[in-house]
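Below you'll find the structure, written out as structure tokens, and then a few comments.
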Amino acid sequence: MEAKVTNLKAEDAGTIELADTIFGLQPRPDILHRMVIYQLAKRQAGTHKSKTYGEVKGSTAKIYKQKGTGRARHGAKRAPQFRGGGKAFGPVVRSHASDLPKKVRKLALRTALSVKQAEGKLVVLDDAKLAEGRTKVLSQMLGKLGWQSVLLIDGPALDTNMVRAAANLPQIDVLPQQGANVYDILRRDTLVLTRAAVEHLEARLK
């Protein structure tokens, strides 16, 4: 399929051919859902921890005799039902990551790109380079283009001025092509790919 190419000055910069196998797939909400769950689970730290019965500080002596007191039978004060006691079935340090086949992950990324293209929210940019790294300059350009919530994906190397200018804009994300992922594509309204990004993504996902 053919797509128009623009530049940061909102001027026409020709056209580009997009591969149907990457930008023309049918929507698969189930695949996108699995991929987002996979990404969010993988980024969890899993460092939560509470002390168990055997880890809290305290005596193991029986607090009072078993019979004759009229009270419930108890052992040490480190039991979970006492204040300061160990936590029963508390959280432990672990990994939240789950497995997802590489083929499914690739399909999810192709599907996310296809969804943006089908919705008319995929824009191809000639290049993503600025003469100066000023937020005000970039903000004016984005306003002229009508972009508010944007994920910009460039080639393997990002322009330093572009990264610096976009750092203070909360709704603008800039990533190299190797960092392209489903979650970031879906969380922004507009997906902007440079010519270099399209070439590298097609080579990566074919």
- request: Name the single residue, out of those in region 26-64 being assigned to a loop (DSSP other than H, G, I, E, B) and touching a helix residue (DSSP H, G or I) at 6+ places or on another chain (Cβ under 8 Å), that is nearest to residue 89 (Cα to Cα).
  value: 28
- prompt: Of the residues that make up region 66-85, is at least one of a type in the set (S, T, N, Q), modelled with pLDDT of 95 or more and surrounded by 13 or more Cβ atoms within 10 Å (Cβ to Cβ)?
  reply: no
query: assigned by TED's automatic domain parsing to the domain that holds residue 198, touching a helix residue (DSSP H, G or I) at 6+ places or on another chain (Cβ under 8 Å), among the small types (Gly, Ala, Ser) and under 20 Å from residue 6 (Cα atoms), is that true of residue 149?
result: no
field: Pairs where the first residue, in region 74-91, is within 16 Å of residue 64 (Cα to Cα) and the second is small (Gly, Ala, Ser) and part of a loop (DSSP other than H, G, I, E, B), C-beta under 6 Å, 6+ apart
entry: 77/58; 78/58; 78/85; 78/86; 79/85
- prompt: Only one of (1) touching a residue at least 12 places away in the same chain (Cβ under 8 Å); (2) farther than 17 Å from residue 181 by Cα fails for residue 140. Which number is that?
  reply: (1)
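The values are calculated or read from the model by the stated rules, or taken from the named source; none is laboratory data. As the structure is a computational prediction, the values presented were derived from the model and not from experiment. Neighbour counts are summed over all protein chains in view; Cβ atoms, including those assigned to glycine, are modelled from backbone coordinates with ideal geometry.
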